[in-house]
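Right, one structure below, let's go through it.
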Amino acid sequence: MEGSIVLISAIAIGIVLFLWLFFTFVPVGLWISAVAANVKVRISTLIGMRFRRVVPVKIVLPQIKAVKAGLDLSIDKLEGHYLAGGNVDRVVNALIAAQRASIELEFKRATAIDLAGRDVLEAVQMSVNPKVIETPAISAIAKNGIELVVRAKVTVRANIDRLIGGAGELTVIARVGEGIVSTIGASESHEDVLEHPNKISQIVLNKGLEAGTAFEILSIDIADIDVGRNIGAQLQTDQAEADKRIAQAKAEERRAMAVAIEQENRAAVQEMRAKVIEAEAEVPKAMASALREGKLGVMDYYNMMNVVSDTQMRQSIAGADEQKQADSES
């Protein structure tokens, strides 16, 4: 008796475990929901998803939404996109939104956009409701040297045909900034820009900045213009300071050359004085030799000494007169 009770208990436990494993592995509840929504999916297909490591709920629920929205999407296509690493739910939502907005969007293009890393649902929403991109502060200088700081708002609409391979928002902002800088730089005065800011929008908008991007530029509005520094005056001041430093350097160079020339002249004078002193030192020797050889008489020698003494006396008198004149002038 006890053995039959144990056997019945074991069978009951086995049945419970089997049913738990069955309902865990086979999404019966999900299959019932799909059948109730008129979505044709077999139990074997759901079991096969388990073996292919596909979460059935991420395929069946988007399929239910697609069928209810009137889209003809097969389970195999949705599962293939999931296995490729795509977001099935987002693609289905984008297709439904595009259908409601009468935007032509095929499943193949939508999956390609999703696999390219772009938000296809956001792109569809942006096609219906354009997005406003605000540029950072853009500094530009007019021809009169006055700096202007401009902020602009760019209204863009997603171009679904160019989402694959098209440039993003940063490219649009960079091109708009470049157009604003070139337009202000071509203006004769900053006052012209302040009086007619709409000209900037028109000129920049006509440049075709949307080429190669994933967007269509609808409008460019100048949100704010601030007057900045007088760059022209600052450049002139810097140039004047640089010219001043160059002139000072050249003057210092000339002074150094003059000092060098003066030192060379002094050295030359000192050399000449040394030669004169050397020559004067030879005079007594020559006179002594002439006296010995009889070429110079005694009277000639005394006459010459008298001339020398007379010359020294005249120089002393002339020096004293010059000193008195200097004292009287002072």
Going by what's in this entry, would Gly117 be described as on the phi > 0 side of the Ramachandran plot, open to solvent by 60 Å² or more (accessible area, probe 1.4 Å), small (Gly, Ala, Ser) and touching a residue at least 24 places away in the same chain (Cβ under 8 Å)?
no
In segment 71-110, residue least open to solvent (accessible area, probe 1.4 Å) [restricted to those that are polar (S, T, N, Q) and modelled with pLDDT of 85 or more]
Asn93
From the list Gly212, Gly185, pick out the single residue that is touching a helix residue (DSSP H, G or I) at 6+ places or on another chain (Cβ under 9 Å) and over 16 Å from Lys153 (Cβ atoms).
Gly212
Are any residues in segment 35-79 in contact (Cβ under 8 Å) with a residue 12 or more places away in the chain and of a type in the set (Gly, Ala, Ser), and if so, which ones?
Ala37, Ala66, Ala69, Gly70
Subset of segment 154-181 that is more than 30 Å from Arg109 (Cβ to Cβ) and touching a residue at least 24 places away in the same chain (Cβ under 8 Å) - its residue that is surrounded by the fewest Cβ atoms within 10 Å (Cβ to Cβ)
Val181
Filter segment 225-243 down to the residues that are among the aliphatic types (A, V, I, L, M) and not in a helix (DSSP H, G or I), then identify the one that is least open to solvent (accessible area, probe 1.4 Å).
Ile225
Qualifying residue in segment 63-70 (condition: under 19 Å from Asn87 (Cα atoms), small (Gly, Ala, Ser) and open to solvent by less than 80 Å² (accessible area, probe 1.4 Å)):
yes
Of everything in segment 124-141, what is over 19 Å from the mean Cα position of the chain (by Cα), aliphatic (A, V, I, L, M) and modelled with pLDDT of 85 or more? Give them in sequence order.
Val124, Met126, Val132, Ile133
Kindly evaluate Val26 against the criterion of being at pLDDT below 75 and open to solvent by less than 30 Å² (accessible area, probe 1.4 Å).
yes
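Matching residues to (1) open to solvent by 100 Å² or more (accessible area, probe 1.4 Å); (2) of a type in the set (Val, Ile, Thr); (3) more than 30 Å from Leu148 (Cα to Cα):
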residue	(1), (2), (3)
Ala223	no, no, no
Arg245	yes, no, yes
Gln248	yes, no, yes
Ala256	no, no, yes
Gln263	yes, no, yes
Ala267	no, no, yes
Arg273	yes, no, yes
Glu280	yes, no, yes
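The values are calculated or read from the model by the stated rules, or taken from the named source; none is laboratory data. As the structure is a computational prediction, the values presented were derived from the model and not from experiment. No Cβ is skipped: glycine too gets one built from the backbone with ideal geometry, and neighbour counts run over all protein chains shown. Accessible surface is based on the protein model in full, side chains and every heavy atom, while ligands, DNA and RNA are left aside. Shrake-Rupley method; radii C 1.70, N 1.55, O 1.52, S 1.80 Å.
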